[in-house]
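Asker: Sharing a structure here in structure tokens format.
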Amino acid sequence: MEKSISLVAATITDVVSLLDQIIANCILKASRTGYFAALYRKMTIGVQEGIGNGVFDDGSRMETLDVVFANRYLAAYNQFTNGEMPCKCWKTAFEAAVSDDLIVLQHLLLGMNAHINLDLAIAAAQISTPETIGSLYNDYLKINTIIAGFFKSVQSDLSKIAFPMRFIELVDPEQTNAVLNFSISKAREAAWANALLFCEAGNANETPLINTCDNVVDSVAQKILQPGAAASVLTNLVLRTEQKDVAQNIAFLNQD
């Protein structure tokens, strides 16, 4: 079991530092949890660079969003490593890390499913009010473009871990991923719709809405775990040829 990361982030620099700790621990323990952490670190640095380069309309607000967003992942990681119960979709993703039957891409998508479909929606609502959330939308689209861009580059990297991944690499991550039942573009749209719903509902109604959303997001996770007979033919081919050294795979995905 991974060592607990007890601190929460106050800045985007803190986020990167804590992800570095998680990644180092996952490499030490050869835990597949490090696959998503490595991808998430790259995404975070991309957002950090975007803020520094003035890409966003409101860089300060985007750092706040990034930190609130990241702390949900860190909290779920802490809960799971401490033997506590995170939300269902993160529980599914973390428990899947012990499975020898999933390809690296499935582990990445399980993390992205929980973090985009649930965490991003909650984070966007938490830093907004019903009156201000509309002004976040343009920057929201930009941050998701960064996320999608990094995932596309990682798909290319995965072809070096397993040759058959070149076939999956041809799938545009902005379109429906028929191979593994996950679409980044649909996740972004769903997260924004959920953010509006959470923001309008207010704190009093937040918990039941989050629980309902968590159930829906976990249903997507189950489809990533079991994508169907046709897709399983391809994933099984990838699995047979994929590099088996988990620590090495994490280190490879974590390369700048």
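The values are calculated or read from the model by the stated rules, or taken from the named source; none is laboratory data. Worth saying up front: this structure is predicted, and the values here are computed from it rather than measured. For the accessible areas, the whole protein counts, side chains as well, though only heavy atoms, and no ligand, DNA or RNA atoms are used. Shrake-Rupley method; radii C 1.70, N 1.55, O 1.52, S 1.80 Å.
Asker: Which order do you get for ARG240, ARG61 if you rank them by accessible area with a 1.4 Å probe, largest at the top?
Answerer: Greatest to least solvent exposure: ARG240, ARG61.
Asker: Determine how many Å³ per residue the convex hull of the Cα atoms of the chain encloses.
Answerer: 112 Å³
Asker: Would you please classify the overall shape of the range 205-256 from the alpha carbon gyration tensor, given that a ≥ b ≥ c denote the square roots of the eigenvalues, rounded means a/c under 1.5, and beyond that prolate means a/b larger than b/c while oblate covers the rest?
Answerer: Taking the square roots of the gyration eigenvalues as a ≥ b ≥ c, the range 205-256 is oblate.
Asker: Using a Gaussian network model of the chain with C-alpha springs under 10 Å, which one of ASP100, ASP119, ASP157 is most mobile by mean-square fluctuation?
Answerer: ASP100
Asker: For the range 1-103, compute Rh as the Kirkwood radius over C-alpha pairs and then the Stokes-Einstein diffusion coefficient at 4 °C and 1.567 mPa s; write the answer in µm²/s, rounded to an integer. Numbers along the way, then the final one.
Answerer: On the way: Rh = 14.3 Å.
For these conditions, the coefficient is 91 µm²/s.
Asker: Which of the three applies to the range 82-143, rounded, prolate or oblate, going by the alpha-carbon gyration tensor with a ≥ b ≥ c and a/c under 1.5 meaning rounded?
Answerer: oblate
Asker: Still on this structure, I have one more. Put MET85, MET62 in order of accessible area, largest first, 1.4 Å probe: what do you get?
Answerer: The most accessible residue leads, giving MET85, MET62.
Asker: What does the C-alpha gyration tensor say about the overall shape of the range 39-156? Classify as rounded when a/c is under 1.5, otherwise prolate if a/b is larger than b/c, or oblate.
Answerer: Taking the square roots of the gyration eigenvalues as a ≥ b ≥ c, the range 39-156 is oblate.
Asker: Where only protein heavy atoms count, and the probe is 1.4 Å, what is the accessible area per residue for the chain in Å²?
Answerer: That works out to 43 Å² for each residue.
Asker: Run the accessible area of the chain with a 1.4 Å probe and give the carbon-and-sulfur part as a rounded percent.
Answerer: 54 percent
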